[in-house]
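The values are calculated or read from the model by the stated rules, or taken from the named source; none is laboratory data. The structure presented is a predicted model; accordingly, all values stated were derived computationally and were not measured. Neighbour counts are summed over all protein chains in view; Cβ atoms, including those assigned to glycine, are modelled from backbone coordinates with ideal geometry.
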Amino acid sequence: MPLLLTVLRQRLGRGALALATAGLAGCASLLPADSDPLAVPVEVPSAWSALPSGVHARDSAELSAWWDRFEDPLLSAWVGRALAHHTSVRQAVAALQQSRAQRDVAMANQLPSVRASGSAQRSQVGDGTPGNTFRAGFDATWEPDVFGVRRQASAAADADVQAAAAAVAQARVSLAAEVAANAIELRGLEQRLRLSRDNLAKQEESLQLTEWRVQAGLASSLDLEQARAAVEQTRAALPALETSLQQALNALAVLTGQPPGALVQEWRRGARADVPRPPTGLTLTFPAETLRQRPDVQAAEQRVLAAWARTRQADASRYPSLSLGGSLGLNAPRLGDLLDLSSLTRSVVASVTASLFDGGAARAQVRAQAAALEQARLAHEAAVLNALQDVENALVALQGNRERVARLEAAAEAAGNAELLARQRYASGLVDYRTLLDTQRTLLSTQTELAAARTSWSNDHVRLYKALGGGWAAEPAEPPPQSPMTEPSAAQS
């Protein structure tokens with residue numbers, strides 16, 4: 001404040017000083033002196049200090065390309081292609097470019113404005129002799145940002161840029177997780193299709209054996225019909241699995257920016273029977289810090305900072321504004337006389353504008369921005385809580401499915417042994433066909449359930465990586481353009 005009063009006294013005289021003083025009298029700051037716009041009363045669960053077995057802390061940079069750790073070349077290729085071509089990422093990049101351009105506009109408003117003009121006029125009064133007037137000149141205006149109105153607008157615009165950059169990262173995180181989940185589901189369908197075909201082959205062998213036994217009078221027609229029903233039932237499941245597999249391929253093609261059906265040949269060349277195995281150890285930083293790398297949390301932080309800057313801008317806008325201007329001009333009756341310095345005109349003007357009465361509009365604007373700030377703070381708090389929930393849910397699901405897979409692996413091994421023994425004994429006539437049919441159905445059901453559990457377990461890792469904000473590489477923060485005309489804020493001194 002002393003800086004502004006000194007400038008006004010030296011340049012504008014006592015009259016302007018009295019006007020400015022009257023305007024400043026009602027402009028005490030409406031903002032709290034010490035407030036942290038990012039204060040969020042959310043505690044990280046104490047259970048995070050005891051991570052599950054196999055989970056350990058490493059450099060968070062490993063999260064940027066977590067899909068490579070599944071060691072599935074097609075999965076990695078599809079994720080990379082989707083990140084380069086999918087419309088969601090490209091739209092977020094376009095929004096980021098727009099935010100950067102808007103920030104540049106806000107920064108440019110802090111600089112002086114210089115305009116050039118020229119005119120030619122021919123006029124005549126009554127019956128007098130027509131006359132010509134030629135003019136050329138330069139006009140310059142500048143509003144010193146004494147109270148930080150434009151500086152806060154630039155700070156808000158820069159926070160918007162950071163939020164838009166976080167939105168790009170969030171688009172990458174969501175897209176990478178969606179592609180990986182679809183690719184893992186595709187591998188799960190492959191495995192279930194292979195298991196169904198293997199079991200169909202075994203049932204067809206049993207059907208042929210049953211036909212021989214019926215012809216030899218060693219089995220009844222009931223056994224034969226049951227064998228035929230089992231074969232047809234297994235065959236009926238194949239078209240549904242093939243349809244789901246084709247639909248998964250179509251979804252992956254669209255995610256990678258290609259038309260449906262474009263990945264069929266590529267998939268056939270790289271087809272495999274098993275679901276991609278998740279990494280043996282998860283990559284985590286310290287949990288409390290891990291949440292802050294989530295792009296949605298970062299975007300929420302930047303929106304709070306933008307709202308805080310706009311609140312300060314609204315508060316500073318209640319103070320008087322100072323404008324400096326000047327012009328240089330040349331006026332002459334002939335075009336050639338414009339080069340004569342005797343035709344040079346020049347002027348300098350300084351003005352102060354202060355609101356004496358606005359019906360409370362300025363204060364209401366501050367309250368409106370303060371309410372927007374509170375909304376941004378609550379959105380930030382909700383983003384942190386959602387992040388905690390996502391990680392907690394992913395860890396719980398991971399632990400549960402890990403135990404489920406272990407139990408189903410043991411069950412599938414036992415069911416396989418039982419089916420092998422039943423086939424051998426049925427061929428020897430030691431058991432009836434119903435015993436063989438039950439063991440084959442149990443084997444197919446257990447193997448199918450195991451394939452689904454392995455798919456869910458792998459997708460649990462995908463969900464955890466997404467919950468931790470993995471899937472993007474943090475780039476060095478882009479410094480905002482600095483204006484050489486920026487002055488210290490007298491409003492905050």
Confirm whether Ser327 is over 25 Å from Ala106 (Cβ atoms), surrounded by 14 or more Cβ atoms within 10 Å (Cβ to Cβ), among the hydroxyl-bearing types (Ser, Thr, Tyr) and modelled with pLDDT of 80 or more. yes
Going by the conditions given, is Thr285 at pLDDT 85 or above, of a type in the set (Ser, Thr, Tyr) and at negative phi? no
Over segment 439-471, the set of residues among the hydrophobic types (A, V, I, L, M, F, W, C) and either outside any loop (DSSP other than H, G, I, E, B) or surrounded by fewer than 22 Cβ atoms within 10 Å (Cβ to Cβ) (or both) is Leu443, Leu444, Leu450, Ala451, Ala452, Ala453, Trp457, Val462, Leu464, Ala467
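Condition check ((1) of a type outside the set (Lys, Arg); (2) in a helix (DSSP H, G or I)) across all residues:
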residue: Val349; (1), (2): yes, no
residue: Phe357; (1), (2): yes, no
residue: Arg363; (1), (2): no, yes
residue: Arg367; (1), (2): no, yes
residue: Val384; (1), (2): yes, yes
residue: Leu388; (1), (2): yes, yes
residue: Ala394; (1), (2): yes, yes
residue: Ala397; (1), (2): yes, yes
residue: Ala406; (1), (2): yes, yes
Is at least one residue of segment 47-63 part of a helix (DSSP H, G or I), farther than 30 Å from Ala159 by Cα and either at pLDDT 90 or above or touching a Pro at 6+ places or on another chain (Cβ under 6 Å) (or both)? yes
Residue by residue through segment 360-402, note down the ones that are surrounded by 18 or more Cβ atoms within 10 Å (Cβ to Cβ) and of a type in the set (Val, Ile, Thr). Val366, Val384, Val391
Which one of Val114, Val93, Val125 is hydrophobic (A, V, I, L, M, F, W, C) and touching a helix residue (DSSP H, G or I) at 6+ places or on another chain (Cβ under 8 Å)? Val93
Could you identify the single residue in Asn132, Asn109 that is at pLDDT below 90 and under 33 Å from the mean Cα position of the chain (by Cα)? Asn109
Taking segment 211-247 and keeping only residues that are over 60 Å from the mean Cα position of the chain (by Cα) and part of a helix (DSSP H, G or I), one is left with Glu211, Trp212, Arg213, Val214, Gln215, Ser221, Leu222
By residue number, the members of segment 192-204 that are under 20 Å from Arg425 (Cβ atoms), surrounded by fewer than 17 Cβ atoms within 10 Å (Cβ to Cβ) and in contact with a helix residue (DSSP H, G or I) (Cβ under 8 Å, 6 or more places away or on another chain) are Glu204
Check Glu225, Glu211, Glu178 and return the single one that is over 30 Å from Gly469 (Cα atoms), out of contact with any Ser or Thr (no Cβ under 7 Å at 6 or more places or on another chain) and touching a residue at least 12 places away in the same chain (Cβ under 8 Å). Glu211
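One line per residue, one yes/no per condition, for (1) over 30 Å from Asp158 (Cα atoms); (2) modelled with pLDDT of 85 or more; (3) touching a Leu at 6+ places or on another chain (Cβ under 6 Å); (4) assigned to a helix (DSSP H, G or I):
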{"position": "Ala82", "(1), (2), (3), (4)": "no, yes, yes, yes"}
{"position": "Gln97", "(1), (2), (3), (4)": "no, yes, no, yes"}
{"position": "Arg115", "(1), (2), (3), (4)": "no, yes, no, no"}
{"position": "Gly126", "(1), (2), (3), (4)": "yes, no, no, no"}
